[in-house]
Amino acid sequence: MGKQAMFSYKLTVAYDGTNYNGFQRQKNGVGVQQVLEKALSTLLQDTIDLQAAGRTDAGVHAQGQVVSFTSKTKFPAEKLPLALDHLLPTDIVVVKGESVNEAFHARYDAVQKTYQYKIKLTARPDPCLQHYAWQISSDLAVEKMQQAADYLLGTHDFSTFRNSGAANKNPVRTISQAKWRQKGKELTFTVTGDGFLYRMVRNLVGTLVKVGEGKITPQDFARLLEEKDRDAIEMPAPAQGLYLMKVKY
């Protein structure tokens, strides 16, 4: 018998990460991956193993996560989003389905990712935002935060901003966008790069907020980047303000 034909698919997925222990499949808890794999396995009558562009943490959201998989079942890729709606909870939505070359890999073929981080300046916590933004009671000097963020542009060793205990992978990344925008009491940080270390964006935002609070200067931030010392920074920004917006191939 000849080798069974396999069909390759690429999905763009949006999800609210509040109720999940991150994207990755979990032994103790539920990851977004498990829910997607179960729905796809049911629809395609096949055992599906997903590859993802990024392994978002517990509580982190996505507008443009990308996953890829192969299946022995042929299905019109563009119809996958609608077909999966009744098999998925309302906090996970497949936005787009595409047929791809069998060599395509959602993680290894990604050339650029864009994340956003949302902050709300508020004297009193808004319960409706507790899962979707970092709520901060003091004003922040956004101009100084932008001055510090400008130091991120280009290619750097980001060892300072990798998570302690993270896998020992190459810490060099190239950042092409690092922009703060303020609209009233809402702040959004958009960062685009060729890749990000584990919890790198949250560590960056947590330290940039220190600049905004006046606890360190933009020049201090630049020095921290150059020192390549993870112990030199404090806690990362909380997970709920982070969104994976787009993956480019």
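The values are calculated or read from the model by the stated rules, or taken from the named source; none is laboratory data. Quick caveat, the model's predicted, so the values are computed rather than measured. Neighbour counts run over all protein chains shown; Cβ positions are idealised from the backbone, glycine included. Remember, those area values only see protein heavy atoms, side chains included, never the ligands or the DNA or RNA. Shrake-Rupley method; radii C 1.70, N 1.55, O 1.52, S 1.80 Å.
Worth a mention:
- Tilt relative to the chain, helix 218-227 - C-alpha long axis, 0 to 90 degrees, to 10: 60 degrees
- Solvent-accessible area per residue for the stretch 1-111 (1.4 angstrom probe, square angstrom): 54 Å²
- Dimensions of the stretch 1-132 along the principal axes, based on C-alpha atoms and rounded to the nearest Å, stand at 69, 31, 29, largest first.
- Carbon-plus-sulfur accessible fraction, the stretch 1-96 (probe radius 1.4 Å, protein heavy atoms only): 50%.
- Members of 144/179; 10/179; 38/74; 3/96 lying beyond 20 Å, as alpha-carbon distances in this model show: 10/179; 3/96
- Centroid-to-centroid separation of the stretch 93-124 and the stretch 219-236 [C-alpha atoms, Å]: 27 Å
- Sulfur and carbon atoms: percent of accessible area, the stretch 121-177 [1.4 Å]: 51 percent
- Spin-label pair residue 159/residue 91, simplified geometry with 7 Å Cα→Cβ offset, distance in nm: 3.8 nm
- Stokes-Einstein D for the chain, Kirkwood Rh over Cα pairs, 37 °C, 0.692 mPa s (µm²/s): 171 µm²/s
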